[in-house]
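Peer 1: I am attaching a structure below and will ask some questions about it afterwards.
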């Protein structure tokens, strides 16, 4: 029961919204960054942001309040090749597909739950990366958040690169 609750909570917190674009983690050059359609990752420019890799969830703000219970095993998010998983210890909490749009300000992320009770659930979000920290603001609606604000419609996740 607790596992199901964790899965539901993180899936809702992360958010999703399907896109027909190709998964992207960085732009290969300035031309790709200026193109409205996300391009596949080929070579990584040093200035291009990327979510690729493993991250530890360090904060989850829901309805303006911290909602992450830090007493358990750390929650690890991995973004790779358009696939996103969230795990706590060996337990998979979320399995999603994602696409990024690096042409928007702030950057946009679209996610879709792949399996489980919420399979097909789609959400939108925005994100920013500052050094080894990523901040995501996600919502469960088609309306993408315009700012990093936690309210009844959106949650903020803070991740630290591992």
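Peer 1: Given the conditions (1) surrounded by 15 or more Cβ atoms within 10 Å (Cβ to Cβ); (2) closer than 21 Å to residue 50 by Cβ, and given that residue 104 satisfies all but one, which numbered condition is not satisfied?
Peer 2: Only one criterion in (1) surrounded by 15 or more Cβ atoms within 10 Å (Cβ to Cβ); (2) closer than 21 Å to residue 50 by Cβ is unmet by residue 104, namely (1).
Peer 1: Filter the stretch 51-62 down to residues that are in contact (Cβ under 8 Å) with a residue 40 or more places away in the chain and not in a strand (DSSP E or B), then give me how many there are.
Peer 2: Going through the stretch 51-62, the residues in contact (Cβ under 8 Å) with a residue 40 or more places away in the chain turn out to be 51, 53-62.
Okay, now just the ones that are also not in a strand (DSSP E or B), so 51.
Matching residues across the stretch 51-62 total 1.
Peer 1: Please name all residue pairs, on different chains or six or more residues apart, with Cβ atoms under 7 Å, provided the first residue is in the stretch 72-98 and is at positive phi and the second residue is buried (at least 17 other Cβ atoms within 10 Å of the Cβ) and part of a strand (DSSP E or B).
Peer 2: Listed pairs, sorted by first residue: 82/97; 82/98; 82/99.
Peer 1: Kindly check whether there is at least one residue in the stretch 14-24 that is modelled with pLDDT under 95, in contact with a strand residue (DSSP E or B) (Cβ under 6 Å, 6 or more places away or on another chain), closer than 18 Å to residue 162 by Cα and part of a loop (DSSP other than H, G, I, E, B).
Peer 2: So far as the stretch 14-24 goes, no, none of its residues is modelled with pLDDT under 95, in contact with a strand residue (DSSP E or B) (Cβ under 6 Å, 6 or more places away or on another chain), closer than 18 Å to residue 162 by Cα and part of a loop (DSSP other than H, G, I, E, B).
Peer 1: While we're on this one: Mind checking which strands (runs of 3 or more DSSP E) fall wholly inside the stretch 63-107 and carry at least 3 residues that are under 17 Å from the mean Cα position of the chain (by Cα) and more than 21 Å from residue 117 (Cβ to Cβ)?
Peer 2: Working: elements: 75-80, 83-88, 91-101.
The qualifying strands (runs of 3 or more DSSP E) are 75-80, 91-101.
The values are calculated or read from the model by the stated rules, or taken from the named source; none is laboratory data. For clarity, every value in this text was computed on a predicted model and none was experimentally measured. No Cβ is skipped: glycine too gets one built from the backbone with ideal geometry, and neighbour counts run over all protein chains shown.
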